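Down below is the structure, laid out as structure tokens.
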Amino acid sequence: MTFEVDWISASIALYAAIVATGALALEIRRWVENGPKLSLSLMLTAQSTADYDLPGDERQKFILLTAVNSGNAPTTVTHIILHRYNSLFSRFRMRPSESWVVVKNSICPLPYTLEVAKIFHGQINHDSELVAHIKSGNLYVGVAVTHKKYPILLHVRPEGFHE
């Protein structure tokens, strides 16, 4: 029993299968990349220019949290959150040993609608307890947003902190 292969039909079918697979891959990529995308950054020892007339030891220092929406959809920032994790395993499980919510944010009022290509700034005032948590290296700062179940967190590295 012999089979005759029509090479033209087989090559057209192979070409169509390759193009369809590529189109499916592009559609999956577009689906994954769709929506808001936030990138966070921290300035650990920020100071306001309004405090420059005060002596150096009386100037209020704070952590400046910046969130940039580089996606293609808006989102709403609902809270600024601080978490302290005792171990990497507790961080992996999202089980903080302590949590705080920033109640008074003098830069951008909360909740804040973060449009596409816009910036959100948050302020966390320093106190002795916060400085101790920064120096321990177990502190994470982040934002709670409406498009995610868990907050978007950024690890506060003690190497970048100076009083």
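Only the coordinates and a few stated rules stand behind these numbers; no lab work does. What you are looking at is a predicted structure, and each value in this text was computed from that prediction instead of being measured. Cβ: placed from backbone, ideal geometry, glycine included. Neighbour counts: every protein chain shown.
Counting beta carbons within 10 Å around each of TYR112, TYR150 and listing the fewest first gives the order TYR150, TYR112.
When Lys and Arg each count +1 and Asp and Glu each count -1, what net charge do the other residues less than 12 Å away from SER97, Cβ to Cβ, add up to? Here the charged neighbours net out to +3. Name the most mobile residue of VAL102, VAL32, VAL19, meaning the one with the largest mean-square fluctuation, in a Gaussian network model of the chain with Cα contacts below 10 Å. Greatest mean-square fluctuation among the candidates belongs to VAL19. Specify the residue with the greatest mean-square fluctuation among LEU42, LEU130, LEU65, computed from a Gaussian network of the chain linking alpha-carbon atoms under 10 Å apart. Sorting by GNM fluctuation, first place goes to LEU130. Full extension of the chain segment joining ILE12 with LYS104 gains 26.6 nm, where the gain is 0.36 nm per residue of separation less the Cα-Cα distance.
Taking the C-alpha atoms only, the angle from helix 7-33 to the longest principal axis of the chain is near 10 degrees. Using a Gaussian network for the chain with springs between C-alpha atoms less than 10 Å apart, which of these wobbles most: LEU14, LEU114, LEU153? The residue that fluctuates most here is LEU14. Working note: 222 nm ellipticity from helices only, DSSP H runs with n ≥ 4, each -39,500 (n - 2.57), summed and divided by the residues of the chain, gives -8000 deg cm²/dmol to the nearest 500. Residues of the range 132-162 falling in the label zone of LYS61, defined by backbone nitrogen less than 16 Å from a point 7 Å along Cα to beta-carbon, are 132-137, 156-162. Is the range 35-160 best put as rounded, prolate or oblate by its Cα gyration tensor, with a ≥ b ≥ c the root eigenvalues, rounded for a/c under 1.5, and otherwise prolate when a/b is larger than b/c, oblate when not? Oblate is the answer for the range 35-160, as a/c is 1.5 or above yet b/c matches or exceeds a/b. For ALA23 and PHE3, FRET efficiency with R0 = 45 Å and r from the beta-carbon atoms, rounded to 0.05? With a Förster radius of 45 Å, E is 0.90.
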